[in-house]
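Presented below is the structure to which this report refers.
The values are calculated or read from the model by the stated rules, or taken from the named source; none is laboratory data. Values in this document were obtained by computation on a predicted structure and should not be read as measured data. All Cβ positions, even for glycine, are placed from backbone atoms using ideal geometry, and neighbour counts span all protein chains on display. Areas reflect the complete protein model, heavy atoms only, side chains present, ligands, DNA and RNA absent. Shrake-Rupley method; radii C 1.70, N 1.55, O 1.52, S 1.80 Å.
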Amino acid sequence: MTKLVTLTIDGMQVSVPEGTLVVDAAKKIGIEIPVFCYHPKMEPVGMCRMCLVEIGRPVIDRSTGQPVLEDDGSPKIQFSPNLETACTTPVGAGMVVLGATEKARSGREDIIEFLLTSHPLDCPICDKGGECPLQNLTIKYGSGQSRYLYDEKKHFVKHVSLGELIFLDRERCIQCGRCVRFQSEIVDDPVIGFFHRGRALEIVTYSNPGFDSYFSGNTTDICPVGALTTADFRFGARPWELNKAASICNHCPVGCNLTMNVRREAASGGDWVVKRVMPRQNESVNEIWVCDKGRFGYHFAASSSNDQTSFKRLSQPLVRKNAGSDHPGELVPASWDEALSVVSERFAEAGDGLLALAGGRLANEDLFNLKQLTTTLGGEAVLYTHMAGGELTTQLGIQPGSDIGTMGQGDAILVVACDLMEEAPIWWLRVKQAAERGSQLIILNSRSTKLDQAAAFVLRYPFGAETSAVLAMLNALSEKRLRLPEAVQVLERDPTLQAAAEVFSGANNALIMYGSDCIGLTESQALAQACANLLDATGHVGRPNNGLLGVWPRANDQGAWELGFQTQTKLEDALGAAAALYIVAADPAGDDPTYLGQSGFGGKAFVVVQDLYLTQTARLADVVLPAQSWIERDGSFTSGERRAQRFYPVIPPRTAPVSRAESPSTNKAPLLIAGDEVMESPLPDFAITAMITLRIDSEARITASSAARVFNQMAETVPAFSDQTYLELAQVHEQWPIVGRDDLYYGGTSYENTGGLGMQLALNTSDTPSTTRLAGTTVEFIRMPKLGQIAFPIARLYDRGKTLMPSQLLHERIGEPYIVLNVNDAEMLRIQDGDVVHMTVANREPDSPDRVTTGQTVVVQARLDQELPERVVLVPRSFGIPIDKPTPVEIRRTE
């Protein structure tokens, strides 16, 4: 157990763990010691000297080693003649700290005066005004008079672009070093640093493009002045004008806690507008950080029906009319009553021929009601994804009490087929930190990733051999061995792999994180089973910080698995065979044009699409239903760590005017009356699905009234949610470090959490006998063709998907579609780095693997990589290239 040390700070006694810094000890009991350079998440440097205090220590008798006592029996305290920095001084037994004395206040006053000698007096126009630590502490500790000579002021450039996301005002910088240290110490991205010395010191960027980091926005949160500002918020609003709402990021499975700042403004016609996204503290999820995708990629949900771009929001239902044998008809606006009547009637006719295809950005409540509908009709509920194995994460996954932030010495983490930096940056950060605390990090991948730098063991397997590589670790621990492909046997005999297997087996706690790097649906299912076998064989299941964690492509894929959704390995055939399709928050036709030829689109099936936009799939539908985005409603997501978390309404739903004649009084959907106009608005997905279900079966036990009621009904019927209530998800407890809006100098402008920390789900073990866990794993290996190449899909954080492209600020980082080739292959094809090439997606003949039939051709840019094996091509997902699994391709140079 950690030894406690007792000391006195400004007359208050406190006991804290040995090694605690004085500034942190004071914070724990609510005593203010101001800081600029110190941050509780970083190592102290004592650069600003703002935390000066008087420190007295017990006088020790050298002969006896015991404290010298005063006449009254109390320890004799000897104070240092000079002030000391509370941020660099560890606590000591019997120490006495004085921070409210005249001497300490005078020292802080001097520091403030020094800082202001070259600081511009532009508070009225500074973006930090209203939440500026320097401004606040100047008012509290400054002298009120200045001896500063104007002619001695140093002038610097005020508007320096460190990159397209972050701007620097060099005059405002007080050289605290927080931003530089954050990039170096916390996220291992030292792309900015100090240049020059003394009063000429300034922040510069070393990368191209500038400030090339996925975490750059966090530096603006911890900057104690207005030196660093984000491009989207700069000169956009004042902090005191903003309302706040708690939310959850829905870009990846981490489930980062957010606070969204909004206001109404004339420039948007009086609409509520999201002005910025800030991290909200949850030490078990994202701590006080958020990646730049989560910070800047919210525009897809905040756009309106008045948007003149291709991302114009749907505001009212559309029904296809005037269709004929030679004419597909057209989608025309309709009332909710008409649209729901058509949908419910046709779904009832389809019965068990209904296939519901759901995207992973739907909330738990949406997915639950969608599953209820398919159960009512006997249809099929399918998750639209390229990654499988979720039924295993519900059985062998993370359980309550798990927290990567607590893993350290004696623990092990295996990351396989996953590029965490690109797929889930905050998990990358937390896993890296676990390794720095002593966890044994094992990387199994076919190519190098940034996480390799933090790993104790880095193992490479041939492309397409991810499952065999995991089974090779299992073989190293078992007398009964599976026969593996010859290409993997070299890895199986590798002493490094055998050592890694022993470390994993002997760890106190062990976690496996598997992804979809270079694999598709079928391959990920086999990989998940192999990982489950390894966990079960080593006994790392059923305990906190042990189990299987899927790095899913979307925010609530885990929630879909928990609620009983399954994948379809032959989705094209399933879509073509269905009598009716209900496609919600998914765009298969937009992701892969081959779906355009399926009979389900424009053929015999009745197609309903429910989405935010008129997507490519929606254009082919018979009925289109407009849904609210997650920031227009409340609900919950389940993160990859199986933590259910609530999000709250941020802005009102977008509305569109409809004449009273077009909106009959029988309409069951809510309306807003504005003079002679009826304002129809999108509805929450769970409400739309419930209204359809109740029109089919009025006795169905399903609710459209609120997310809270849906969640509580879900808790009654779904075992994983049985220990939770909607209200309990909103509960909070004190976290360390203490971050809030009252003392912005300490933790920065991140928001304290008052909206809920969430709850982890119980494991589903009722129908999971060991025989299921240890199901056999089919060992398959992708054989390289004699001619042509095989394209392997990879993830990019900044992709060209529909949830990111509306954020124009990120376009420069996203770039154009590209592929990555081996240098030798490129030389044979006469392709140079940067050339535009044609890539034809091919289909391999089942009876002759080396023969392919040509398919769609895309035009992309070629990038070269000498580390790639020959005949391997890397293709980023969600870049308009229809590849979601290892696929044969043919590449030729554009003449």
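Scanning segment 597-612 for residues that are at pLDDT 60 or above and open to solvent by 40 Å² or more (accessible area, probe 1.4 Å) yields G603, K604.
Within segment 440-460, track down each residue that is open to solvent by 10 Å² or more (accessible area, probe 1.4 Å) and either under 23 Å from the mean Cα position of the chain (by Cα) or not small (G, A, S) (or both). Residues satisfying the conditions are Q440, R447, S448, T449, K450, D452, Q453, A454, A455, F457, V458, R460.
So that you can scan it fast, the table gives a plain yes or no per residue for (1) closer than 20 Å to C223 by Cα; (2) assigned to a loop (DSSP other than H, G, I, E, B); (3) modelled with pLDDT of 90 or more; (4) not aliphatic (A, V, I, L, M):
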residue: K41; (1), (2), (3), (4): yes, yes, yes, yes
residue: G65; (1), (2), (3), (4): no, yes, no, yes
residue: N82; (1), (2), (3), (4): no, yes, yes, yes
residue: A100; (1), (2), (3), (4): no, yes, yes, no
residue: R105; (1), (2), (3), (4): no, no, yes, yes
residue: E109; (1), (2), (3), (4): no, no, yes, yes
residue: E113; (1), (2), (3), (4): yes, no, yes, yes
residue: S118; (1), (2), (3), (4): yes, yes, no, yes
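Do we have any residue at all in segment 387-402 that's part of a helix (DSSP H, G or I) and open to solvent by 30 Å² or more (accessible area, probe 1.4 Å)? Checked segment 387-402: at least one residue is part of a helix (DSSP H, G or I) and open to solvent by 30 Å² or more (accessible area, probe 1.4 Å). For segment 532-557, residues that are modelled with pLDDT of 95 or more, at positive phi and open to solvent by 10 Å² or more (accessible area, probe 1.4 Å) total 2.
Quick one: which helices (runs of 4 or more DSSP H) sit completely within segment 273-383 and have at least 3 residues that are open to solvent by less than 30 Å² (accessible area, probe 1.4 Å) and within 30 Å of Q566 (Cα to Cα)?
Working: elements: 292-296, 299-302, 336-350, 364-377.
Filter on segment 273-383 gives 336-350, 364-377.
Across segment 495-514, not a single residue is classified as within 27 Å of P253 (Cα to Cα), of a type in the set (D, E, K, R) and outside the structural domain of P886 (by TED's automatic domain parsing).
Only residues that are open to solvent by 20 Å² or more (accessible area, probe 1.4 Å) and touching a strand residue (DSSP E or B) at 6+ places or on another chain (Cβ under 9 Å) were counted in segment 685-707, giving 2. When D452 is tested against (1) in contact with a strand residue (DSSP E or B) (Cβ under 6 Å, 6 or more places away or on another chain); (2) among the acidic types (D, E); (3) in a loop (DSSP other than H, G, I, E, B), exactly one condition is not met: (3).
In this structure, does V180 turn out to be β-branched (V, I, T), open to solvent by 30 Å² or more (accessible area, probe 1.4 Å) and under 30 Å from I814 (Cβ atoms)? Spell out how you get there, then give the answer.
Numbers: β-branched (V, I, T): yes; open to solvent by 30 Å² or more (accessible area, probe 1.4 Å): no; under 30 Å from I814 (Cβ atoms): yes.
So V180 fails the test.
Residues that are open to solvent by 60 Å² or more (accessible area, probe 1.4 Å), assigned by TED's automatic domain parsing to the domain that holds I222 and outside any loop (DSSP other than H, G, I, E, B) do occur in segment 185-193. In a residue-by-residue description of segment 55-64, the property of being over 18 Å from A25 (Cβ atoms), open to solvent by less than 60 Å² (accessible area, probe 1.4 Å), in the same structural domain as N136 (by TED's automatic domain parsing) and in contact (Cβ under 8 Å) with a residue 12 or more places away in the chain applies to at least one position.
Apart from one condition, R633 fits all of (1) outside the structural domain of A350 (by TED's automatic domain parsing); (2) open to solvent by 20 Å² or more (accessible area, probe 1.4 Å); the exception is (2). Before we move on, is E131 assigned to a loop (DSSP other than H, G, I, E, B), under 30 Å from G297 (Cβ atoms) and open to solvent by less than 30 Å² (accessible area, probe 1.4 Å)? Spelling it out, E131 is indeed assigned to a loop (DSSP other than H, G, I, E, B), under 30 Å from G297 (Cβ atoms) and open to solvent by less than 30 Å² (accessible area, probe 1.4 Å). Got at least one residue in segment 154-162 being in contact with a helix residue (DSSP H, G or I) (Cβ under 8 Å, 6 or more places away or on another chain), open to solvent by 70 Å² or more (accessible area, probe 1.4 Å) and either more than 22 Å from G748 (Cα to Cα) or not assigned by TED's automatic domain parsing to the domain that holds F114 (or both)? So far as segment 154-162 goes, yes, one or more of its residues are in contact with a helix residue (DSSP H, G or I) (Cβ under 8 Å, 6 or more places away or on another chain), open to solvent by 70 Å² or more (accessible area, probe 1.4 Å) and either more than 22 Å from G748 (Cα to Cα) or not assigned by TED's automatic domain parsing to the domain that holds F114 (or both). If the condition is being touching a Ser or Thr at 6+ places or on another chain (Cβ under 6 Å) and more than 25 Å from T803 (Cβ to Cβ), then segment 307-349 contributes S335, D337. All of A574, A586, A560 fail the test of being out of contact with any Lys or Arg (no Cβ under 6 Å at 6 or more places or on another chain), in a helix (DSSP H, G or I) and modelled with pLDDT of 95 or more, apart from A560.
P40 satisfies every condition listed in (1) within 24 Å of E185 (Cβ to Cβ); (2) open to solvent by less than 20 Å² (accessible area, probe 1.4 Å) except (2).
The residues of segment 202-256 that are aliphatic (A, V, I, L, M) and assigned to a loop (DSSP other than H, G, I, E, B), listed by number, are V225, A227, A231, A237, L242, V254. If only residues of segment 733-774 that are among the polar types (S, T, N, Q), in a loop (DSSP other than H, G, I, E, B) and modelled with pLDDT under 85 are counted, the one that is nearest to E131 (Cα to Cα) is N764. Restricting attention to segment 710-728, the residues that are among the aliphatic types (A, V, I, L, M) and without any contact (Cβ under 8 Å) to a residue 24 or more places away in the chain total 2. For segment 477-526, filtered to residues that are free of Cβ contacts under 8 Å to residues at least 60 places away in the same chain and among the charged types (D, E, K, R), the residue that is least open to solvent (accessible area, probe 1.4 Å) is E492. Taken together, the residues in segment 359-394 that are touching a Phe, Trp or Tyr at 6+ places or on another chain (Cβ under 8 Å), under 24 Å from F792 (Cα atoms) and not β-branched (V, I, T) amount to 6. Of note, T567 does not satisfy the criterion of being surrounded by fewer than 18 Cβ atoms within 10 Å (Cβ to Cβ), under 25 Å from R877 (Cβ atoms) and touching a residue at least 40 places away in the same chain (Cβ under 8 Å).
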